[in-house]
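The values are calculated or read from the model by the stated rules, or taken from the named source; none is laboratory data. All figures in this text were calculated on a predicted structure; none of them were measured in a lab. Heads up, the Cβs are rebuilt from the backbone with ideal geometry, glycines too, and the neighbour counts pull from every protein chain shown. For accessibility, only protein heavy atoms count, side chains too; no ligands or nucleic acids. Shrake-Rupley method; radii C 1.70, N 1.55, O 1.52, S 1.80 Å.
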Amino acid sequence: VKTRQARYPVLIGSGILSELGAHLSGFSLSRKIALISDTNVAAIYSSLVQDGLEAAGFSVNAFWVPAGEESKTLDQAAQIYTWLIENKIERRSAIVALGGGVVGDLAGFVAATFLRGVPLIHLPTSLVAQVDSSIGGKVGVNHPLGKNLIGAFYQPELVFIDTETLGTLPRRELTSGWAEVIKYGMIADDELFSLLEGEVRSLKNLETEILNKVIRTCVQIKARVVEQDEREVSGYRMILNYGHTLGHALEAATGYQRFLHGEAVAIGMEGAARIATAMGLISEDILERQRRLIEAFSLPISYSDVALEAIQEAMSVDKKVAEEVVRWVLPVRVGAVVIRKDVPGSLVEKVMAEMGKS
Ligand SMILES: NC(=O)c1ccc[n+]([C@@H]2O[C@H](COP(=O)([O-])OP(=O)(O)OC[C@H]3O[C@@H](n4cnc5c(N)ncnc54)[C@H](O)[C@@H]3O)[C@@H](O)[C@H]2O)c1
């Protein structure tokens, strides 16, 4: 990944977790490493990582946070700062973030701010983290008044992806991650989309060769988008929000309790594609193709028991944040999207009402 702020490698392989130490010897780091993970991931992978690092001559201090979104707080970050100070972690000591997006965002935020920035290494272990959150430099924590409100752009020195770790990811989390993968196909890569269509079964079974190829393609797409719009200035990075307008509103309307993020994004992509179809941007065939792929990955395309008003209310909160216009990311074909500010409210309402019923 090459941005104005930084340039860093993303290494992808299967069963490579224990080799991190050897790869780090090429970086100018102190011997001391702060390994941060969550309780679930640490129970499975921390000794592998720790032993590998120690074999390469590093000394490892480890900190586990409770698994789950609840750990992405300033309070948790403060506890980590205290621990880093007590353990005399210094400027060139790397923070290694081992886990899903929660650990990556939290440990990344700590790395960005502790001593005004210490080296960050991402070891993403969830599908969302491998194809999305570990790439691009967004780090942060939640605030009681909203998600991801406190944060920074802070690029890691290395992203080290061991795709074999997906084998222990809970099934529902894995399924949710496929939504982001389908999203990349829709926004940027028709070949990826076709590949996904042909390889549903082998991907769901996590067959190494195809899995690594797909993850690599997603990383490349995310890297390309981020390279062009590192800090969300030009608006180009917004294409990554395909499916997120309705998806985010659904999550908010249900108090972030009912849907995993990817599940909401899958429903959001169905909604955006229905809107695009109604506006004449895509044909019914493309809507159908996307729908078939979403369903093939066992993701939802509709919802029930969520009040239309609650979704609209959540969207209008987002709208206020975005200065009164909702910008929709809409497909124009498989592999390309446009950003439109002129989607009629009545059409959005109609589509949501239809999807809520079906
Ligand atoms: N920074 C970004 O650009 C960006 C992008 C997308 C999402 N995010 C953030 O990422 C977070 C969601 O990430 P997530 O979906 O990875 O959630 P998560 O980190 O909570 O992980 C999901 C669950 O799976 C467990 N887990 C992770 N890897 C595992 C493995 N290999 N084996 C067994 N269990 C494993 C975790 O302990 C957790 O219980 C949200 O906070 C979201 O805001 C950030």
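Only a single item in (1) away from the ligand (no atom under 12 Å from the Cβ); (2) surrounded by fewer than 18 Cβ atoms within 10 Å (Cβ to Cβ); (3) among the hydroxyl-bearing types (Ser, Thr, Tyr) is not met by residue 217, and it is number (2). Criterion applied to 294, 286 was being open to solvent by 10 Å² or more (accessible area, probe 1.4 Å), modelled with pLDDT of 95 or more and within 24 Å of residue 198 (Cβ to Cβ), and the one residue passing it is 286. The set of residues in the range 86-119 being away from the ligand (no atom under 12 Å from the Cβ) and either hydrophobic (A, V, I, L, M, F, W, C) or within 17 Å of residue 37 (Cα to Cα) (or both) consists of 87, 89, 93, 94, 95, 96, 110, 111, 114, 115, 118, 119.
Evaluating residue 71 against the criteria (1) of a type in the set (Ser, Thr, Tyr); (2) in contact with a helix residue (DSSP H, G or I) (Cβ under 8 Å, 6 or more places away or on another chain); (3) open to solvent by 40 Å² or more (accessible area, probe 1.4 Å) leaves one unmet condition, (3). Considering 206, 166, the condition of being in a loop (DSSP other than H, G, I, E, B), within 14 Å of the ligand (Cβ to nearest atom) and out of contact with any Lys or Arg (no Cβ under 8 Å at 6 or more places or on another chain) is satisfied by 206 alone. For residue 230, the conditions (1) part of a loop (DSSP other than H, G, I, E, B); (2) more than 16 Å from the ligand (Cβ to nearest atom); (3) surrounded by 19 or more Cβ atoms within 10 Å (Cβ to Cβ) are fulfilled apart from (2). Set side by side, the residues 60, 128, 103, 41 differ, and just one is in a helix (DSSP H, G or I), modelled with pLDDT of 95 or more, open to solvent by less than 60 Å² (accessible area, probe 1.4 Å) and in contact with a helix residue (DSSP H, G or I) (Cβ under 6 Å, 6 or more places away or on another chain), which is 128.
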